[in-house]
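Input: a single structure, listed below in structure tokens.
The values are calculated or read from the model by the stated rules, or taken from the named source; none is laboratory data. This one's a predicted model, so the numbers in the text were calculated from it and none came from an experiment. Here the Cβ positions follow ideal geometry from the backbone for every residue, glycine too, while neighbour counts run over all protein chains shown.
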Amino acid sequence: MERLIEEIPNFFTIWNVIFLAKAMGVTFLLTAIGCIVGFSVGGLLAIFRKTKTIFLLPIRILIVIYTEIFRRIPFLVSLLLFFYVFQIIKISDDLFLIATITVCVIATAYIGEIIRSGIESINQTQWDAATAMNFTYYQTLKEIIFPQAWKVILPPAFGFFIMFIKDTALASQIGVMELTFAAKVLNNKGFSPLLSFGTILILYFILSFPLDRFGKYMEKKLASNRN
Amino acid sequence: MPQIEIKSANAFYDKLHVLKNIELSVDRGEIVSLIGPSGSGKSSLLKMLVGLLIPKSGDVYLNKTLVNFNNQSDLRVIREQIAIVFQQYNLFQNMNVLKNVSIAPTKIQKRNPKEVNDQALFLLEKVGLKDKLESYPDELSGGQQQRVAIARALCLNPEILLLDEITSALDPELVKEVLDSIRLLAAEGMTMLIVSHEMSFVREVSSRVVFMDDGSIIEVNNPKNIFESPKEKRTLDFVGKILKDK
Amino acid sequence: MGYTLVYTQVLEFLPYLIKGAWISLQIAILAFSGGMFFGLILATIRTFGNNISNKIVICYVTFFTNTPQLVQIYFLFFALPEFGILLSPYIAVLLGMTLNAAAYLCEIQRAGFLSIRQNELDAAKTLNFSLMQQVKYVILPHIMKVLFPPLSNHYIIMTLGTSMAAIFGVEELTGRAFNINSETFRSVEIFSITALIYIVITFIATFLLAVIGRYFFKAKIRIIQ
């Protein structure tokens with residue numbers, strides 16, 4: 001304990017604080033890009049998944065395979081797989097890029113699934129009414145289904161954002177300079193693990209907690225609105 | 001001249017044979033009621049006419065034109081001419097009353113928004129909901145929602161109106177207000193197909209009554225005959241039971 | 001490209017990997033069971049406890065669900081020795097996963113408690129059910145039906161989470177993939193096979209859980225979403 005108190009002034013030097021802030025930025029960026037891409041592409045997948053025309057069937061099958069596969073591989077394994085594939089095809093050796101792509105691919109699979117079940121939560125009667133009034137598939141989604149489904153989509157989506165803030169910790173394994181990697185660097189420099197890992201636990205908490213609260217708040221608000 | 005003509009139509013829900021060799025023609029301005037036990041195919045018949053249930057075989061003619069149910073533009077045409085009011089109202093939960101009525105005419109039929117708005121207001125006044133324009137469906141009673149649904153269907157300016165058990169989800173005291181709206185329409189001469197369990201209403205407004213059972217049409221007759229001297233024994237059983245229960 | 005995928009060499013290691021998958025499974029099941037147990041205690045406190053005990057549980061859950069499991073395990077593994085507590089990698093991982101699971105499973109089980117409908121209990125009481133009978137015929141069947149799908153879901157997430165153990169040198173599936181990788185350098189082949197094994201074992205788990213859920217608890221779980 002005494003050692004810890006001695007260490008604290010040395011730990012929170014300006015250099016270290018900037019170093020940690022940057023790492024926190026990387027963690028945030030990885031999550032944010034992943035979630036934005038995941039939401040857009042995942043939304044598209046969900047939209048294709050609900051189509052009925054026979055000639056889109058191969059696309060629907062591919063989407064099912066894609067979502068099933070990437071929701072059944074550990075993030076760490078996907079990350080390493082992408083890392084080594086990139087080494088072979090030699091397009092880029094930018095570690096941040098590789099991690100970002102992996103996050104996007106997985107986020108797309110998970111968020112696509114959340115959006116799809118949101119769409120499915122809307123009663124078939126709404127589709128029937130729209131179809132009988134000549135709404136196209138796209139018009140039905142835009143005017144009727146999504147305006148209702150977002151209430152079902154958002155709460156689990158927030159849970160997912162939080163999950164991804166935490167999962168990006170694994171990007172440290174391929175050497176991306178995010179929070180967990182920063183903690184390892186500081187630990188290797190001789191700072192105590194208690195201080196290094198304790199600090200980033202708090203920093204992760206700072207990133208995640210507001211989202212957690214906001215997600216729960218919305219869930220409550222939407223649930224009470226419905227009745 | 002028949003406005004709708006159905007010739008030996010068959011339709012399935014998955015493997016369930018819900019419409020069996022349906023033969024029916026409806027003339028312009030006629031009001032045809034469909035009666036029969038639940039699960040007899042009445043609602044399926046209405047759903048088929050707006051292409052929510054695609055017939056597996058048989059032909060449907062609308063104004064003497066054969067409808068190809070696998071052709072999107074054909075489906076558009078029938079849905080422009082035929083409007084349906086659902087048993088569960090199926091109002092769009094995310095839109096207020098006025099928007100529910102006006103969205104399809106403006107966004108789908110691309111009509112002048114001002115003109116649509118006026119018509120919507122007129123129709124909502126006619127069904128007695130002028131003070132509920134800004135309300136959302138979940139703030140309305142069942143009877144009010146059902147009347148919005150009727151206004152919504154009418155605002156599409158259909159030639160034919162299909163009414164699918166529109167009073168079955170309503171409390172008895174609300175039934176009257178909905179049926180009054182329909183009586184008004186009947187007086188105006190719109191072609192209507194009505195699925196209903198309200199036998200006195202059916203008898204009062206219908207030009208003909210169709211009795212269905214187990215996916216087939218058993219008997220088509222005028223209202224007086226079907227309730228007093230039906231040709232078929234199954235009709236007699238059904239009508240007798242229903243009238244006794246009352 | 002100039003690189004051809006060669007699977008023959010890696011396939012020789014398949015039995016070795018599958019044994020690793022068995023260890024992954026053990027970790028998942030142990031951590032899940034432990035998490036269920038502690039989670040149940042936490043959920044009980046949260047439902048019936050007083051204000052202070054409630055707050056403590058809320059803090060615990062909030063902390064564990066808002067920080068990465070990996071860093072929690074790092075903390076256990078590297079920081080606890082400073083207090084003289086030395087954990088083996090396997091135990092550190094197991095403990096970390098259990099503590100983490102307890103937080104999530106507490107929330108899930110509490111939602112199950114809250115879903116019990118008072119009017120069903122009232123009905124059971126008026127029919128003179130004993131407490132045990134109430135639990136057996138009214139509470140448990142209802143709770144299990146509500147709880148089974150999210151619990152199954154969390155079990156699958158935990159199975160995937162066990163791959164973290166490799167980082168601490170535990171020789172489960174991913175750990176063994178690391179080992180083969182440093183021996184053969186056939187990285188893409190190894191990690192694709194490893195990924196495939198995870199897909200297979202989670203599919204089997206989903207399938208079994210769906211069958212159990214359907215027959216015992218009338219809970220509907222889709223095998224393919």
Restricting the search to the range B:75-87, which residues are at the interface with chain A (Cβ under 8 Å from one of its Cβ atoms) and surrounded by fewer than 19 Cβ atoms within 10 Å (Cβ to Cβ)?
B:Arg76, B:Glu80
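Let's see how each residue does on (1) within 18 Å of B:Gly29 (Cβ to Cβ); (2) surrounded by fewer than 21 Cβ atoms within 10 Å (Cβ to Cβ); (3) touching a residue at least 60 places away in the same chain (Cβ under 8 Å):
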residue: B:Glu173; (1), (2), (3): no, yes, no
residue: B:Lys176; (1), (2), (3): no, yes, no
residue: B:Ala187; (1), (2), (3): yes, yes, no
residue: B:Arg208; (1), (2), (3): yes, yes, yes
In this structure, is A:Gln148 among the polar types (S, T, N, Q), in a helix (DSSP H, G or I) and modelled with pLDDT under 90?
no
Tell me which residues, restricted to the range B:88-99, are among the hydrophobic types (A, V, I, L, M, F, W, C) and at the interface with another protein chain (Cβ under 10 Å from one of its Cβ atoms).
B:Leu91, B:Phe92, B:Met95
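Could you say which residue among C:Ala43, C:Ala31 is part of a helix (DSSP H, G or I) and under 25 Å from C:Ile199 (Cβ atoms)?
Sole residue among the options that is part of a helix (DSSP H, G or I) and under 25 Å from C:Ile199 (Cβ atoms): C:Ala31.
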Count of residues meeting criterion [more than 11 Å from chain A (Cβ to nearest Cβ) and under 19 Å from B:Glu30 (Cα atoms)] in the range B:49-64:
5
Condition (residue is touching a Phe, Trp or Tyr at 6+ places or on another chain (Cβ under 6 Å), at pLDDT below 95 and more than 14 Å from chain A (Cβ to nearest Cβ)) applied to the range C:49-57: is it met by at least one residue?
no
If you check C:Tyr198 against the conditions, is it part of a helix (DSSP H, G or I), aromatic (Phe, Trp, Tyr), within 30 Å of C:Val138 (Cα to Cα) and in contact with a helix residue (DSSP H, G or I) (Cβ under 9 Å, 6 or more places away or on another chain)?
no
Name the single residue that is nearest to the other protein chains (Cβ to nearest Cβ) among those in the range A:58-94 being within 20 Å of A:Met177 (Cβ to Cβ) and of a type in the set (Asp, Glu).
A:Asp93
Residue satisfying all of: in the range C:63-81; free of Cβ contacts under 8 Å to residues at least 12 places away in the same chain and not hydrophobic (A, V, I, L, M, F, W, C); farthest from the other protein chains (Cβ to nearest Cβ) among these:
C:Pro81
Can you go through A:Phe214, A:Phe160 and tell me which one is free of Cβ contacts under 8 Å to residues at least 60 places away in the same chain and either in a helix (DSSP H, G or I) or of a type in the set (A, V, I, L, M, F, W, C) (or both)?
A:Phe214
Quick one: which of C:Ile204, C:Ile143, C:Ile167 is within 13 Å of chain A (Cβ to nearest Cβ), at pLDDT 80 or above, surrounded by 15 or more Cβ atoms within 10 Å (Cβ to Cβ) and assigned to a helix (DSSP H, G or I)?
C:Ile167
Considering only residues that are more than 8 Å from chain A (Cβ to nearest Cβ) and crowded, with 18+ Cβ neighbours inside 10 Å, which ones fall in the range B:100-110?
B:Asn100, B:Val101, B:Ser102, B:Pro105, B:Thr106
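In the range C:24-39, what residues are out of contact with any Phe, Trp or Tyr (no Cβ under 9 Å at 6 or more places or on another chain) and buried (at least 17 other Cβ atoms within 10 Å of the Cβ)?
Taking the range C:24-39 as the starting set, the residues that turn out to be out of contact with any Phe, Trp or Tyr (no Cβ under 9 Å at 6 or more places or on another chain) are C:25-26, C:30-31, C:33-34, C:36-38.
Residues satisfying the conditions are C:Leu25, C:Ala31, C:Gly34, C:Met36, C:Phe38.
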Across the range C:176-187, which residue is farthest from the other protein chains (Cβ to nearest Cβ) among those that are surrounded by fewer than 23 Cβ atoms within 10 Å (Cβ to Cβ) and either of a type outside the set (Phe, Trp, Tyr) or in a loop (DSSP other than H, G, I, E, B) (or both)?
C:Glu183
Among the residues of the range A:130-164, count how many are at the interface with another protein chain (Cβ under 8 Å from one of its Cβ atoms) and within 23 Å of A:Leu79 (Cβ to Cβ).
1
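Hey, any hits in the range B:145-162 for a residue that's among the polar types (S, T, N, Q), away from chain A (no Cβ under 11 Å), within 28 Å of B:Val202 (Cβ to Cβ) and surrounded by 22 or more Cβ atoms within 10 Å (Cβ to Cβ)? Before you say what the answer is, go through the steps one by one.
Within the range B:145-162, the subset among the polar types (S, T, N, Q) is B:145-146, B:157.
In the following step, the residues that additionally are away from chain A (no Cβ under 11 Å) were identified as B:145-146, B:157.
When the remaining residues are screened for being within 28 Å of B:Val202 (Cβ to Cβ), the result is B:145-146, B:157.
Filter again for surrounded by 22 or more Cβ atoms within 10 Å (Cβ to Cβ), leaving B:145-146.
Yes: one or more hits.
Considering only the range C:118-140, I want to know if a residue exists there that is part of a helix (DSSP H, G or I), under 30 Å from C:Leu160 (Cα atoms), of a type in the set (S, T, N, Q) and in contact with a helix residue (DSSP H, G or I) (Cβ under 7 Å, 6 or more places away or on another chain).
Going through the range C:118-140, the residues part of a helix (DSSP H, G or I) turn out to be C:118-126, C:131-140.
Keeping just the survivors that are under 30 Å from C:Leu160 (Cα atoms) gives C:140.
Subsequent filtering for residues that are of a type in the set (S, T, N, Q) retains none.
Among the residues of the range C:118-140, not one is part of a helix (DSSP H, G or I), under 30 Å from C:Leu160 (Cα atoms), of a type in the set (S, T, N, Q) and in contact with a helix residue (DSSP H, G or I) (Cβ under 7 Å, 6 or more places away or on another chain), which makes the answer no.
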Those residues of the range A:165-182 which are outside any helix (DSSP H, G or I) and either within 10 Å of chain C (Cβ to nearest Cβ) or buried (at least 23 other Cβ atoms within 10 Å of the Cβ) (or both) amount to A:Val176, A:Glu178
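Of the residues C:Gln109, C:Gln72, which is within 29 Å of A:Glu2 (Cα to Cα) and surrounded by 20 or more Cβ atoms within 10 Å (Cβ to Cβ)? Lay out the reasoning, then the answer.
Numbers: C:Gln109 fails: within 29 Å of A:Glu2 (Cα to Cα).
Residue meeting the stated conditions: C:Gln72.
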Which of the residues belonging to the range A:35-51 are touching a Phe, Trp or Tyr at 6+ places or on another chain (Cβ under 8 Å) and among the polar types (S, T, N, Q)?
A:Thr51
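Could you tell me how many of the residues in the range A:183-194 are outside any helix (DSSP H, G or I) and touching a residue at least 40 places away in the same chain (Cβ under 8 Å)? Working first, answer last.
Filtering the range A:183-194 for residues outside any helix (DSSP H, G or I) gives A:189-192.
In the following step, the residues that additionally are touching a residue at least 40 places away in the same chain (Cβ under 8 Å) were identified as A:191-192.
Of the residues in that region, 2 qualify.
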